[in-house]
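The values are calculated or read from the model by the stated rules, or taken from the named source; none is laboratory data. What you are looking at is a predicted structure, and each value in this text was computed from that prediction instead of being measured. Please note: Cβ atoms are built from the backbone with ideal geometry, for glycine as well, and neighbour counts cover all protein chains shown. The area values use the complete protein model at the heavy-atom level, side chains included, leaving out ligands, DNA and RNA. Shrake-Rupley method; radii C 1.70, N 1.55, O 1.52, S 1.80 Å.
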Amino acid sequence: MSTTRVEGPRGSMTIEAQRGAKITSLRGVDGTEWLTTEPRRRVELPGRYGFTEAEMCGWDECAPTIDAATLADGRELSDHGDVWDVPWQVLHQTDDEVVLEVVVDRLGFALRRRAAATSTGFVLEYEARATDERSLPWLWAAHPQFAAPDDLVVEVPGLERVRQVYPPDATGDDRPFAPIAAPITASAKYWAVAPALPPGAVLRRGEACLELRWSGEALRGLALWLDSGDVADHRCVAVEPATGRGDRVSDLTTPAEVALLEAGNPLSWRLELHL
């Protein structure tokens, strides 16, 4: 694996370029490791796997869908997208910055991510661009699997209501949102009720704090995933800003529901991680 490390005054970030640019470690200067870091298994490239068949740890990038989907023009999109388990190219690297890119020719897009240290943590800057004339409904979602020890609390200021979509028998009704407090005893997934897109989230573990902020016109929605250990090997929570408002991009049909990637019109957005 091609491993790169970004160092900053507030911590370090480790990235595996050959494994979908997976962030395998996000460690604060106080020593707190925020991500799950012990994979249940290691699957080798090349090869296509379902997402839950591979390493259930770290921070993956999901694009251009979350659930597997078939577009109206027949293009097939893989489980959790087509970039999380393929090599990315390192375009630029220094001690405090790395720029990576992946090009998926069969779907006609390229995705670039710049990870850089800042005075307060790290920033992730994204750009997606079309590589041919076909437009593509663009559902990107961050998939950070944050470790969930018993003292974890997740707050999402400004989020008032959510819709539960997992487990499969969830009713899908709207419900008030309350801060997530470990221990996580049941797996569940929620989407913020449209049109609300809160500006960020805060994770607390004792005295340690991680604040996420996101911005960009391409962003549409926010999902929250709670895993009690029945999918991953460890209890975890995922905070997932996204360019859509659902898990399967083929179900999202309007500009309000999903961003559209078109030739000559790249999409950009960013995440700030304050440690």
Those residues of the range 213-223 that are buried (at least 20 other Cβ atoms within 10 Å of the Cβ) and assigned to a strand (DSSP E or B) come to a total of 4
Scanning the range 146-191 residue by residue, those polar (S, T, N, Q), surrounded by 13 or more Cβ atoms within 10 Å (Cβ to Cβ) and not in a strand (DSSP E or B) turn out to be S187
Flagged pairs (Cβ under 8 angstrom, 6 or more apart or on separate chains; first in the range 97-112, farther than 18 Å from S2 by Cα; second in a strand (DSSP E or B) and of a type in the set (S, T, Y)) are L111/Y126
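Can you tell which of L226, L261, L210 is crowded, with 17+ Cβ neighbours inside 10 Å, aliphatic (A, V, I, L, M), over 18 Å from the mean Cα position of the chain (by Cα) and modelled with pLDDT of 95 or more? Before the answer, list the steps.
Values: L226 fails: over 18 Å from the mean Cα position of the chain (by Cα); L210 fails: over 18 Å from the mean Cα position of the chain (by Cα).
Answer to the check: L261.
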Checking the structure you have, find out if any residue of the range 125-142 is at pLDDT 95 or above, farther than 28 Å from E76 by Cβ and touching a Pro at 6+ places or on another chain (Cβ under 9 Å). no
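Just to be sure before I move on: is F109 under 28 Å from A72 (Cβ atoms) and either touching a strand residue (DSSP E or B) at 6+ places or on another chain (Cβ under 8 Å) or open to solvent by less than 10 Å² (accessible area, probe 1.4 Å) (or both) in the structure I sent?
Details: under 28 Å from A72 (Cβ atoms): yes; either touching a strand residue (DSSP E or B) at 6+ places or on another chain (Cβ under 8 Å) or open to solvent by less than 10 Å² (accessible area, probe 1.4 Å) (or both): yes.
Yes: the conditions hold for F109.
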Cβ pairs under 7 Å, 6+ apart or interchain, first in the range 165-178 and more than 18 Å from R248 (Cα to Cα), second open to solvent by less than 60 Å² (accessible area, probe 1.4 Å) and aliphatic (A, V, I, L, M), ordered by first then second residue, are D174/V193; R175/V162; F177/V156; F177/L159; F177/V162
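Evaluate the following for E133: is it part of a strand (DSSP E or B) and of a type in the set (D, E)? I'd like the intermediate steps shown before the answer.
Working: part of a strand (DSSP E or B): no; of a type in the set (D, E): yes.
For E133, the condition - part of a strand (DSSP E or B) and of a type in the set (D, E) - is not met.
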